[in-house]
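The block underneath contains the structure these notes are about, expressed in structure tokens.
Nothing in this text is a laboratory measurement; each read-out follows from the coordinates by a stated rule. Every value quoted in this text rests on a predicted model; they were computed, and no experiment measured them. Don't worry about glycine lacking a Cβ; one is built from the backbone with ideal geometry, like all the others, and counts go over all protein chains shown.
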Amino acid sequence: MNKKSDDRLLNWLDERFNISPFLDFMKHKQVPIHKHSVWYYMGGVALFLFMVQVLTGILLLLYYQPGVDSSYESIRFIVTKVNFGWLIRSLHSWSANLLVLFIFIHMFSTFFTGAFKNPRELTWLSGFILLALALGFGFSGYLLPWNELAFFATKVGTDITGAVPLVGKAIKIFLRGSEDVTGGTLLRFYAFHVAIIPAIFTFVLSVHLLFIQRQGMHEPDFYKKLPREKQKTIAFFPDFFLKDILLWLIVLNILLFLAVFFPWDIGIKADPFASAPQGIRPEWYFMFMFQTLKLLPAHILFIEGEIVGVLMFGVGGVAWMLLPFWAGKINAQIRTRVLTTLGLLVVAFILVMTIIGYVM
Amino acid sequence: MSINRRNFLNIFLGTGFLGWVGSILYPLISYLIPPKVSEAKIQSVKAGIAADFPSNSGKIIKFGRKPVILIKTNKNKFVALSATCTHLDCIVRYRADTNQILCACHNGLYDLKGRNISGPPPRPLTAFNVNILNEEIIISKPSEMS
Ligand code: HEM
Ligand code: FES
């Protein structure tokens, strides 16, 4: 398309939908440039990976059949018989893991650069909900192949919710669809995975992105203190946007490399009447919680160890979610130091527990 | 306090609205809670010929919808215990080398009486009765649990 017909099309649309305010906004939106600018791209990578999930997930739906007698078999069919089925499944699994990884990186980068503070409280809150939903995606998707590893990991994972005081038992039965992990659980997880969570995720993601567009990128303190002429920026469109696309292409290549050279394993079909094999573990992003529960003794002061653990993670999670609402109350002089230390402790805890989980 | 007409209408409509919301939500939430499947009251199951069972080994037996672990000790004695780990619901296994019951999920250990001896399990495994009738192994529910 040449410039002229481009303008004609825009004019045509503008006459009908009044899109010029939107175009102006896009033209004038600036992204600050400084030594921590790389972190501005992490959310975008997560967005890209989510789109990969939607696309590959929909393709898997064409052949996947949920059910105790069909889940495992249909995935075996996908990877052995369907043309490039192995690739689609491997992409979905790898991209799921990279997505969670990038959500974590994105979250911690907004934490350490202080981007979560006033006026971006709701951006942080919606981001936290997206993390929780992504974990829900991963947890529900893990069971879908109905293999041994996933079967026991789901038994353990759902049984942990039973330790929540008062409502635990109800949550557990709601998740499982009965007292035990059965074909009914598989159907429920399928519904969560392909319908309920995608719908909520898409909505919260739109809100998250809308907030970001309205407020513009966060500027770190050192950048704000620079004299006006030293505050370098680039235009969101097309400069930043093109860089985004370039990075997405790089990520896509890494993803393809992983999916092709390290195809995802199917494992052994689950048997609800067999002993749990050695090496039951959840996906790596649940490992730190799993490992903590494993290290807690059976009883801590007459309370069952896992009740203490679940309460600990519950309180910690809520505090993390509400971070922007209490962080401002810390004495301003030590605030940055307190928060950085806290963040480093959280990261260190997650890393150490994850590593212990894999070597022990 | 006198209730004027506007107040009265507000309360009247408000209550009606709440009732309406409730009548929508109640069936929805009820639908999400799975119905109770009536469990066939199984009192005992047969688990094969006693002589065919290798000694110093264990096997998971289907007791209705629950797994039970049947073990023949190295002294050829039969033991049956609930196979559901009391920690987080995994299914236990028999360890022939140490004559103990292991849960591989978090390394919970039980002895042959089902007592939790190390690792995270908080309670012992429930014992089942084992009888040999005409050479056949019969596992039955402990009497106090029906
Ligand atoms: C609309 C979006 C999505 C749809 C329609 C979808 C659909 C599916 C289907 C049909 C399966 C079963 C096939 C299989 O196990 O390979 C599956 C598995 C899985 N999904 Fe998704 N999915 C979506 C998004 C996501 C997202 C966002 C994540 C991660 C955060 C995710 C993580 C997983 C995982 C970990 C598995 C198990 C992979 C395996 O072991 O094969 N999915 N998904
Ligand atoms: S489930 Fe058996 S030790 Fe945790």
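Taking the convex hull of the Cα atoms, report for chain B its projected area averaged over all directions, in nm².
Projected area, direction-averaged: 15.1 nm².
What percent does the relative contact order of chain A come to when contacts are Cα pairs within less than 8 Å and at least six residues apart?
26 percent
Relative to the longest principal Cα axis of chain A, at what angle does helix A:42-61 sit, 0 to 90 degrees, rounded to 10?
50 degrees
Defining a contact as two alpha carbons under 8 Å apart and six or more residues distant in sequence, what relative contact order in percent does segment A:1-91 show?
This gives 16 percent for segment A:1-91.
Short version: ³J(HN,Hα) in whole Hz for each residue of segment A:333-339, in order, from phi by Karplus 6.51 cos²θ - 1.76 cosθ + 1.60 (θ = phi - 60°), x for Gly and Pro, what are they?
Coupling constants for segment A:333-339: 5, 9, 3, 4, 5, 4, 5 Hz.
Mind scanning A:29/A:224; A:117/A:329; A:169/A:269; A:4/A:29 and naming the pairs with a C-alpha gap bigger than 22 Å?
A:169/A:269; A:4/A:29
Per DSSP helix of 4 or more residues, -39500 (n - 2.57); summed, then divided by the residues of chain A. What does that give at 222 nm, rounded to the nearest 500?
Helices in chain A give a 222 nm mean residue ellipticity of -22000 deg cm²/dmol.
Taking Cα pairs under 8 Å and at least six residues apart, what relative contact order does chain B come out at, in percent?
It comes to 18 percent, rounded to a whole number.
Give me the mean projected area, in nm² to one decimal, of the convex hull enclosing the Cα positions of segment A:1-91.
Dividing the Cα hull surface by four gives the mean projection, 11.2 nm².
Averaged over A:140-153, how many beta carbons belonging to a partner chain fall within 10 Å of each residue's beta carbon?
1
Expressed in nm to one decimal, what extension gain is obtained for the pair residue A:349 and residue A:6 from 0.36 nm per residue of sequence separation less their Cα-Cα distance?
Extending this stretch completely gives an extra 118.1 nm.
Give the whole-number value, in cubic angstrom per residue, of the convex hull volume spanned by the C-alpha atoms of the protein assembly as shown.
So the per-residue hull volume is 265 Å³.
In whole Å, what is the distance between the alpha-carbon centres of segment A:306-327 and segment B:84-146?
36 Å
Using θ = phi - 60° and the Karplus form 6.51 cos²θ - 1.76 cosθ + 1.60, what ³J(HN,Hα) does each residue of segment A:226-232 get, whole Hz, x for Gly and Pro?
With coefficients 6.51, -1.76 and 1.60, one gets 5, x, 3, 6, 8, 7, 6 Hz.
Just checking the output field for A:171-182: average partner chain Cβ neighbours within 10 Å of each residue's Cβ?
Mean shielding by partner chains, rounded to a whole number: 3.
Quickly rank A:100-109, A:269-278 as a protection proxy: mean count of other C-beta atoms within 10 Å, highest first.
A:100-109, A:269-278
Segment A:86-125 to segment A:173-232: how many Å between their Cα centroids?
Their Cα centres are 8 Å away from one another.
Could you work out the mean count of beta carbons from other protein chains within 10 Å of each residue's beta carbon in A:267-278?
Across A:267-278, the average partner-chain Cβ count within 10 Å equals 5.
Show me, for segment A:192-206, the HN-Hα J-couplings you get by feeding each phi into the Karplus relation (A = 6.51, B = -1.76, C = 1.60, θ = phi - 60°), rounded to Hz, glycine and proline as x.
Listing the rounded values in order: 4, 5, 9, 10, 5, 5, x, 5, 5, 4, 4, 5, 5, 4, 4 Hz.
Considering chain A as a Gaussian network with a 10 Å cut-off on Cα pairs, which listed residue, A:18, A:97, A:118, attains the greatest mean-square fluctuation?
Greatest mean-square fluctuation among the candidates belongs to A:18.
Return the ratio Rg/(2.2 N^0.38 Å) for segment A:283-360, where Rg is computed over Cα atoms only.
Segment A:283-360 yields a ratio of 1.29.
What nm value, rounded to one decimal, do you get for the distance between residue B:13 and residue A:62 when each label is placed 7 Å out toward the C-beta?
Taking the two extended label points, one gets 5.3 nm.
Starting with the highest mean, order B:13-22, A:193-202, A:155-164 by the number of other Cβ atoms within 10 Å, averaged over the residues of each peptide.
A:155-164, A:193-202, B:13-22
For the charge dipole of chain A, defined by +1 on Lys and Arg C-beta atoms and -1 on Asp and Glu C-beta atoms about the Cα centroid, which residue among A:197, A:310, A:5 has the Cα displaced farthest towards the positive pole?
Ranked along the dipole, the leading option is A:5.
Can you show me the helix-derived [θ] at 222 nm for chain B, built from DSSP H runs with n ≥ 4 at -39,500 (n - 2.57) apiece and divided by the number of residues, rounded to the nearest 500.
That comes out to -7000 deg cm²/dmol.
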